Amino acid sequence: MEINALALARALHVVGVVLWIGGVAMVTTVLLPATRRLKSGAEQVAFFDKIEQGFARQARYTTLLTGLTGFYMLAAMHAWARYHQAQYWWVPAMTAVWAIFTLMLFVLEPLVLHKWFQQKATQNPEETFRLIQRLHWVLLTLSLITVLGAVSGAHGWLLPV
Ligand code: HEM
């Protein structure tokens with residue numbers, strides 16, 4: 001049996017997306033609300049930090065897998081022109097979602113955000129967790145719109161332009 005590299009890349013791409021965006025959905029809809037229900041600020045910070053750190057570690061691998069397989073597919077399909085074709089809006093959208101998370105996970109979180117979170121959340125847990133939850137909702141919504149566009153677009157349902 002011959003290996004179909006493009007199909008394999010697509011399958012791995014989707015596995016990466018499922019683990020990564022699924023994790024973001026879990027953090028947004030289950031972990032953050034549960035954290036905010038804990039009584040003391042100190043408990044909230046410790047609980048969220050421990051679990052989010054574990055997820056952030058995983059997400060570094062899954063964003064890497066998604067990016068590598070995504071760029072591989074664009075190269076294998078000679079599809080770089082999609083970056084400036086309106087009906088393929090979901091290709092720049094995928095890349096933008098990926099770039100935002102990559103920047104957050106590999107640069108901002110280790111260098112700035114972790115320290116900022118510890119400080120802010122200890123001073124004012126309620127306001128800090130409200131802000132974090134709002135940001136997670138924005139990222140989750142953008143990711144899900146992108147998934148809707150990518151699956152329908154990849155299977156032939158393109159905008160009529
Ligand atoms: C560097 C970033 C990325 C690149 C270069 C990229 C590229 C691609 C390419 C070339 C395809 C195949 C399109 C086709 O068959 O016509 C694809 C499919 C797909 N991508 Fe991405 N992608 C990236 C990130 C993402 C992200 C962040 C998400 C989720 C939010 C995502 C979700 C999907 C989905 C759901 C499909 C459809 C799979 C299918 O049904 O066949 N991708 N991507």
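What follows draws every value from the coordinates through simple rules; no lab data is involved. All of these numbers come straight from a predicted model, not from anything done at the bench. With ideal geometry, Cβ positions are generated from the backbone for all residues, glycine too; neighbour counts draw on all protein chains shown.
Here are a few things to note about the model shown:
- For region 5-154, the dipole from Cβ point charges (+1 on Lys and Arg, -1 on Asp and Glu) about the Cα centre works out to 60 debye, to the nearest 20.
- Two-site FRET efficiency, Gln118 against Ala25, from Cβ-Cβ distance with R₀ of 22 Å, rounded to 0.05: 0.30
- Once the chain from Glu43 to Ala79 is taken as fully extended at 0.36 nm per residue, the excess over their C-alpha distance is 8.1 nm.
- Taking each residue as 0.36 nm, the span from Leu159 to Ile51 lengthens on full extension beyond its C-alpha to C-alpha distance by 34.9 nm.
- Whether region 65-106 is rounded, prolate or oblate, judged on the alpha carbon gyration tensor where a/c under 1.5 counts as rounded: oblate
- With a Förster radius of 22 Å applied to the C-beta separation of Thr95 and Ala7, the computed FRET efficiency comes to 0.55.
- For region 58-68, backbone phi angles converted through the Karplus equation (6.51, -1.76, 1.60; θ = phi - 60°) give residue-by-residue couplings of 4, 5, 5, 6, 6, 5, 5, 4, 5, x, 4 Hz, Gly and Pro being listed as x.
- Here the sum of -39500 (n - 2.57) over DSSP H runs of 4 or more residues, divided by the residues of the chain, equals -25000 deg cm²/dmol at 222 nm, to the nearest 500.
- Karplus (6.51, -1.76, 1.60) ³J(HN,Hα), θ = phi - 60°, over region 51-57, in Hz, Gly and Pro reported as x: 6, 5, 4, x, 5, 4, 4
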